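Visitor: Here it is: the structure, laid out below.
The values are calculated or read from the model by the stated rules, or taken from the named source; none is laboratory data. Note that the structure is a prediction, hence the values are computed from the model and not measured. As a convention, Cβ positions derive from the backbone with ideal geometry for all residues, glycine included, and neighbour counts pool all protein chains shown.
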Amino acid sequence: MRLIASDFKKGNVKLKIDTPEDLWYLSQVLDKGDFVTGKATRKINLSESSSKSSVVKKTITLKIEVEKQEFQPSSNILRLLGIVRSEIEDIPKGSHHSINIEIGSIISINKQWLNYQIKRLKEASENKKSDILIVVLDRSDASFALLTSHGYEYLSELEGEVENKRTNQKPTKNFYLEVIEQLNEYVKRLKIKTIILASPSFWKEDLLKEIESKNIELANIIRLASCNVTGKAGIEEVLSRTEVKQILKQDRVIIETDLVDHLLMNIAKETLSSYGLRHVEAAVNAGAVSNLLITDKTLLEHKEKGEFDKIEKLMRDVESSHGEVIIISTEHDAGKKLQGLSGIGAILRYEFK
């Protein structure tokens, strides 16, 4: 994301969407009632005929007051629906229209910005494409994932041939060589700087020895970790490992995981924690909240139900009392755990009654 211009005191921001991740960031900072100006399309009927060939699409610049947003990461489109607030020919002011935001879109936003939203927007503008690859494997299966700011992108799976002892049939391909070939391809294409290689048992050490004998430069960017399973479950497990957190301690997904783990540990000890909207609200009113954790899914659900005002007040009150609001992605395991605890929790400064 590129911040073209910003004046947060006046509420004005102009930005350009560069990556699919930018759309996710944007979906987290837009609220009902915000004003967004961007490109939209409208259909024009060139004749009185109902023929499809007489209908053309025209691109217009439109300002809407946001009522609802729809975002599916798989589509790479953030759709904003709202009330037209600009004077456009043939589109009555006050009518309803939509703006589709996608990679390459330039939009202007006017809103009352919360501190966490400003922080999230600046984070997106400073965010570089991840250069960390996670690989989990066993004797015949390997899974590859790219770390992202809100979790990970599952790239591919590789299945190797296994020796059939019953028929004494030998594999026709070397599985390790196939994995190395895939690693080299990702390193070159995605400009990978670090590879976290994990496996049950000794598979990772065996593969690393094979790599060291063939490509010492590739071996030098590999860090070893442990896991009990492969596939997506293995990726999640690797992200929770202490040794991996040390490697990735600056990455957002690790920061979010640490915060959720801290909250869960406090809950287990029945100290300095609160979860569930009613209990968190009481903690906020007491000024006891140090960190307010809310999942992106919970925010979206309250926006869709028209119940965001209560959540927004909580966030403003936390920031007013010098606490921090952190939006936790449900794209990774820690976010899913928090979602299972109602999607909202708080780490407290002190106990209160």
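Visitor: Of the residues Ala225, Ala198, Ala219, which single one is touching a strand residue (DSSP E or B) at 6+ places or on another chain (Cβ under 6 Å), more than 13 Å from Ala142 (Cβ to Cβ) and small (Gly, Ala, Ser)?
Guide: One residue alone meets the criteria, Ala225.
Visitor: Take Lys16 and tell me if it is over 19 Å from the mean Cα position of the chain (by Cα), closer than 17 Å to Ser108 by Cα and modelled with pLDDT of 90 or more.
Guide: No.
Visitor: Using beta carbons and a limit of 6 Å, which pairs, at least six apart or on different chains, have the first residue in the stretch 331-353 and hydrophobic (A, V, I, L, M, F, W, C) and surrounded by fewer than 19 Cβ atoms within 10 Å (Cβ to Cβ) and the second one part of a strand (DSSP E or B) and modelled with pLDDT of 95 or more?
Guide: Cβ pairs passing all conditions: Leu341/Tyr275.
Visitor: Okay, next question. Go through (1) in the same structural domain as Ser342 (by TED's automatic domain parsing); (2) in contact with an Asp or Glu (Cβ under 9 Å, 6 or more places away or on another chain); (3) over 27 Å from Glu126 (Cα atoms) and name the single condition Glu237 misses.
Guide: Every listed condition holds for Glu237 apart from (1).
Visitor: Identify all residues within the stretch 222-251 that are among the charged types (D, E, K, R) and either surrounded by fewer than 19 Cβ atoms within 10 Å (Cβ to Cβ) or not in a helix (DSSP H, G or I) (or both); write none if there are none.
Guide: Arg223, Lys232, Arg241, Glu243, Lys245, Lys249, Asp251 - these are the residues of the stretch 222-251 that are among the charged types (D, E, K, R) and either surrounded by fewer than 19 Cβ atoms within 10 Å (Cβ to Cβ) or not in a helix (DSSP H, G or I) (or both).
Visitor: Here's another thing I want to ask about it. For residues that are more than 20 Å from Glu301 (Cα to Cα) and among the charged types (D, E, K, R), scanning just the stretch 65-101, find the one that is surrounded by the most Cβ atoms within 10 Å (Cβ to Cβ).
Guide: The extreme case among them is Arg85.
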